[in-house]
Amino acid sequence: LAVNVFLPAVAKAWLEAFPPTAMLRNRQLQKVVNAGFLELWKLTKENTKESGLPEIDIKYLGLHAYRIRRRFCRRAMLERVADLRFRIPSPTGITWVKGKGVIGMCWKHEQFAIGDTKKVYEQAKAISADGWAKADEKITFGLTRRQFERTKDYGVVAAQPMFDWKNARSIVGCVAITAPSGSEAQLDSKSVKELLVDLSDLVWSAWNSRES
């Protein structure tokens, strides 16, 4: 009797926490990111061959999709909805709001943003606390020096805004790449930017999808 009561209760709780439509949507999102990751890796290999720059090791490459999550009585934040990476750095504990970090700057200015967190961290060590507080956001990316210390292992971050074109081109999130420090040139290319634009549209379509 206990089993007959317990199992249906667990099934009900599971379905309430993970409704079928949400599970299908998450599967679609992951499919888009997985396919995008492979295309990104191909593009970076092509870019390194053309430029003669070092090839990016696939182990240190990552692709991430974020949506803007509105919160009652709190600032909206970027919530990761899908990603693919083989090396996972330590959690930063930072809430990514508008204007904070590369992805936050991408959201704030609604345009492509890129930065090398390790390089900026090295610069930050040479700037006084007062100087850092007055520094331009192009240097600080809206982060404190302590926060930068927690993000330095993320290397290069490049982000492209995601728009809802049916709703007056409102920004709804972003798609971002993480790669080793020193790989800005490989990512700041026309082909990679075009891929991110296409992926942002596909991710938003998958987010709104109700089909498997």
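Every number in this text was worked out from the coordinates using simple rules, so none of it is lab data. Keep in mind it's a predicted model, so treat the numbers as computed, not measured. Cβ coordinates were reconstructed from backbone atoms using ideal geometry, including for glycine residues, and neighbour counts include every protein chain displayed.
Quick rundown of the values:
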quantity	calculated
Dipole in debye (nearest 20) - the chain, about Cα centre, beta carbon charges: Lys, Arg +1; Asp, Glu -1	760
Relative contact order for segment 126-212, counting Cα pairs under 8 Å that sit 6 or more residues apart, in percent	25
Cα-projected label distance for Asp188 with Lys45, points at 7 Å along beta-carbon direction, nm	2.6
Helix runs (DSSP H) in the chain reaching 18 Å along axis by Cα, Kyte-Doolittle at least 1.0	2-17
Structure-derived volume of the Cα convex hull per residue in Å³ - corresponding label in (i) 143; (ii) 208; (iii) 164	(iii)
Packing-based order for 150-161, 60-71, 80-91, using average beta carbon neighbours within 10 Å, highest first	150-161, 60-71, 80-91
Segment 21-48 versus segment 134-175: alpha-carbon centroid distance in Å	20
Longest to shortest principal axis, alpha-carbon extents of segment 157-197, angstrom	37, 16, 9
Under 17 Å from Lys45, Cα to Cα: lysines that are on another chain or at least 8 residues apart	Lys59, Lys190, Lys193
Radius 10 Å from Cβ of Asp153, net charge of other residues (Lys, Arg +1; Asp, Glu -1)	+3
Overall dimensions of segment 98-212 by Cα: Rg and Dmax, Å	15.6, 53
Environment charge of Glu55, counting only residues whose C-beta is closer than 10 Å and scoring Lys/Arg +1, Asp/Glu -1	+1
Computed FRET value (nearest 0.05) for Leu38 with Gln111, which takes r as the C-beta separation and R₀ as 30 Å	0.70
